[in-house]
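For reference, the structure is listed below as structure tokens.
Laboratory data are not the source of any read-out in this text; all were calculated from the coordinates shown. None of these values were measured; they are calculated from a predicted model. Every residue, glycine as well, gets a Cβ built from its backbone with ideal geometry; the counts of neighbours run over all protein chains shown.
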Amino acid sequence: MHHGGGGGAIRVLNVAEKPSVAKSVAEILSRPSGGMRSREGRSRYNRVFEFDYSIGGRACHMLVTSVTGHLMELEFDDRFRRWHSCDPADLFHAPVRKSVPQDKQDIKRTLEEEARKCQWLVLWLDCDREGENIAYEVIDICAGANSRLNIWRACFSALIDREIHEAVQHLDRPNKLFADAVDARQEIDLRIGASFTRFQTVLLKDAFVLDDTGDDRNIILSYGPCQFPTLGFIVERFWEIQAHEPEEFWTINCSHTSDEGTASFGWIRGHLFDYSSAVVIYEMCVKEPMATVQNVRNQEKLKYPPYPLSTIELQKRASRYFRMSSEHTMKVAEELYQAGFISYPRTETDNFSPNIDLHSIVHEQVAHPNRGIYAQRLLDPEARLWRNPSNGGHDDKAHPPIHPTKFSAGETNWTDNHKKLYELVVRHFLACCSQPAVGAETTVEINIAGEQFNASGRVVLAKNYLDVYRFDSWGGTLLPTYIIGQQAGIGTDATMHDHIKKLLDRCYATKNANTRFSPTNLGEALVMGYNEMGYELWKPYLRSVMEADMKSVSICTKSKSEVLENCLQQMKACFLDARANKVKLFDAMGTFFARSSRPVNETQNVETVRPCAACNESEMFLKQRPTGEFMVGCRGFPQCRNAVWLPRSLSEAAVTDQVCPTCAPGPVYKIQFKFRRRDIPPNFDVDHLGCIGGCDDILKELMEISRFGSHSQTATPARNPNQTASGVRQGSSRQDLHTSFHPAGQFTNGQTPVVNPQGFRSTHTQSSGNASGQVHCTSCGEPCVLRTANTEANRGRKFYKCQDPSCGFFAWEDDVENSAPRGRGGRGRRGRSSSRQSSESASAGRRGGTQGRGRRGRGRNADGMMFVAATGEPVHGSCFICGDPTHFANVCPNRGR
């Protein structure tokens, strides 16, 4: 490393991966000079430590702070982040971006502020590919604030004085290839995981009853490139056990007892499945029980100590010895590392570099009251116990094997698991540096009635590493002394073995008290479904190829773009084929789960448009019905029936990422509409970017045109020619609209549709000076019933109510009349008296079409108008809680207050 330059002290910004690591690094580096100061950064959890130090003989003012793991997240653009915003296959090529999430903005601001005042940036991130990726995230932030930074990398494996001082005095440059490898892996995992997770969740969760005891509509059937092969291991092993058909088998054992002890001999044949044959041989041995010694072999055996400790081996041994889960093992190991007691616990390396001073590490353990005696023997040349550790053949070029870095007889704040794991690391290291155990093994072969039997015994001559590595045992049976030709009487017996099965539980997999895993119905069904497709997505081959590609990127034999293109191209083809063969997933799920009554088609191909203003709990989404019609409905259906039915003239509709600046509650995403030319007036554009929040007059007109053209066969107004294609009005009034365009349903009576600004749809007709009125419900589109209020404040006032009892639509008649625009078809604003006249006419028309209902004797108020409750039955009164005639007390919103 060449630092160069002269002048005053260099301001150096040091960034660690965790706050605890930053504190340890600062404490170690500040000890020689003292005077370390600490202050808060923008994030209260990530403090800034300041002190003076010298790097390569150059005076430096050090500032040490930290991030908390990854500073950035990789995610899809907003347009693709909502579950139903796109076809899952589009996620293989949808735009992605890496950005700082909201909860880490304070850390970002700290880095920017400190970087502006510094000349150097030293990265103290973990020395692996993941740490290198985080390092480049820090570089992006700091270099963005100060492009003149001189950027360095500190390489260390333990938070001890020797390692930290060595790292800062021999700084290196960060490795972009390592960061690119992680970027490629993150993008592949995101695209594959999101596409398959959305696909199988949307496809299956509403099609089957996955949980009989609770709500299963929020279940996520996740897929991960690492997770699924792990599930595959469990399911495959389970299938092997299930496929095994137990058979009775028979074996013959014999034993010999002498003054020196008892020796048990095993049958050379092992066992027989034929009962008759086994009985015949057994009877032969019983009739001629004299055994003759045919051979005696004595040989020296060695039991070698384990290889140096890697991460996987640490997890396996902690599980085997202490019943600790892998997750908890790594949590405890991380805490021991951050406290400086062990080296970095995430490593694939299982051989020590010749540059590591192993004797000094052993010497630190001499002070322990128990292990210290063995450590002293290990360092004593006369004991001849020392042996350089074996080479396990793996080296990640980043970290050494896991080993102790600081002596401890047990800290007061340690749990039992901290003590156990630290002891394992220490004893494992001492064992690695020790001679193998030496034993003498004796094998005796005998003959009984022509059948061969043998027995083995072992005597440990020198335990060596077994003295300290109490987790290993090398026991054996001490055999009596035998010589060739010796004869003795033998006792015999016969045994039978049975088959044992495991039980299943729910979810992907379960683990019992003995840490044995079993797949659940759901896990087995998913693996079975993909297996039937012919794709071994549940096998580890795909992940192993991906890991090999990541390594190729890190050593520059493949480029990041090449790996991404090849992998995603293959996986997209696999995804499309899996979707085409989704029936096999259905069949596999049907093997284990009952079909649900929920309609599957209702949950597919939907895009979120806005929050539902009716229930304030769910989102409203765009979906296309099997009939081809489009609608925007609430996910809370049937509890919430809020819906907007879009024009039937629509051929395509897609939610965009553009948010309407006017409508609330938001965000309300605009929709790109495409209409069929033959179904809309000629002056309307086929393509229209619109909003369903109530601000889009063009969309309202097209909705009315579609409704009238399809049902009422009334005149369709064409758009004003002075109106722009984008739907912005440029001046002329509504009366200029003409009726020259007549689609399939032609107008005959001069009716003109009106859309009022409150958002509900009303249709008023002008016919020979006699007005009649009709209002349609905004939720279901059906004509509303005209009723009369019976409250003290509004007695006799008329209102519109939807005929559906469960719908909450309500509008006063005079509000509807007053909100209608003037000058449409020559009609002006009408007063209340004309409204009553119109209502009577409309009511009469309805009565004429419902003769059967009219005979039941309806109640009328003083004005002669009919008053009915929400059920349609005639009543004389109102809600006894609030007085509102539009509902009964059992559904009153004020009930219980």
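Could you tell me what percent of the DSSP beta bridges with both partners in segment 350-463 are antiparallel, to the nearest 5?
Taking every DSSP beta bridge with both residues in segment 350-463, the antiparallel ones total about 100 percent.
For segment 694-705, take each phi angle, set θ = phi - 60°, evaluate the Karplus expression 6.51 cos²θ - 1.76 cosθ + 1.60, and give the result in whole Hz per residue in order, putting x for glycine and proline.
3J(HN,Hα) across segment 694-705, in whole Hz: x, 8, 9, 5, 4, 5, 4, 4, 5, 5, 5, 4.
When we measure straight from the Cα of K205, which lysines land under 26 angstrom away, once same-chain ones fewer than 8 places off are left out?
K511, K539, K572, K582, K584, K623
I'd like to compare 669-681, 368-380, 425-437: which one has the highest average count of other Cβ atoms within 10 Å, and what's the full order after that?
425-437, 669-681, 368-380
Obtain the nm distance between the two label points defined at Y321 and Q452 by a simple spin-label model: each point lies 7 Å from its Cα along the Cα-to-C-beta direction.
4.0 nm
Could you give the C-alpha radius of gyration of segment 313-380 expressed as a fraction of 2.2 N^0.38 Å, taking N as the number of residues it contains?
That ratio works out to 1.30.
Pop the C-beta distance of T68 and R97 into the FRET formula with R0 = 22 Å and round what comes out to the nearest 0.05.
It comes to 0.60.
What is the local net charge at I402, summed over the other residues whose Cβ is closer than 10 Å to its Cβ (Lys, Arg +1; Asp, Glu -1)?
My count for the surroundings of I402 gives -1.
Just to be sure I understand the model, the point goes 7 Å from the Cα along the line to the Cβ. What's the resulting E166 to A440 distance in nm?
Taking the simple label geometry, E166 and A440 are separated by 4.5 nm.
Would you please put 93-99, 166-172 in order of how densely packed they are, using the mean number of other Cβ atoms within 10 angstrom per residue and starting with the highest?
Ranked by mean Cβ neighbours within 10 Å, highest first: 166-172, 93-99.
Take peptides 650-661, 177-188 and line them up by average Cβ neighbours within 10 Å, highest first, as a rough protection proxy.
177-188, 650-661
With equal scatterers on the alpha carbons only and no solvent term, can you work out the Debye log10 of I(q)/I(0) for segment 311-435 at 0.09, 0.16, 0.18 1/Å?
-0.24, -0.78, -1.00
Can you figure out the FRET efficiency of C226 with E40, using R₀ = 45 Å and their beta-carbon distance, to the nearest 0.05?
Efficiency computed from Cβ-Cβ geometry: 0.75.
Could you let me know the centre-to-centre spacing of segment 235-258 and segment 45-103, using Cα atoms, in angstrom?
55 Å
Would you grab the residues whose amide H sits under 5 Å from the one on C254? Only those 5+ places off in sequence or on another chain, please, with H modelled 1.01 Å from N.
Placed amide hydrogens put F265 under 5 Å from C254.
Find out how many positive minus negative residues lie around T110, taking Lys and Arg as positive, Asp and Glu as negative, among other residues whose Cβ is under 13 Å from that of T110.
+4
Can I get the semi-axes of segment 19-126's equivalent ellipsoid? Compute them from the C-alpha gyration tensor as square roots of 5 times the eigenvalues, in angstrom, largest first.
39, 13, 11
For L177 and Q299, what does the FRET efficiency come to when R0 = 35 Å and r is the distance between their Cβ atoms, rounded to the nearest 0.05?
Plugging the Cβ-Cβ distance into 1/(1 + (r/R0)^6) gives 0.10.
Residues with amide H under 5 Å of T510's amide H, sequence separation 5 or more or different chain, H placed in the peptide plane at 1.01 Å from N; which?
S518, T520
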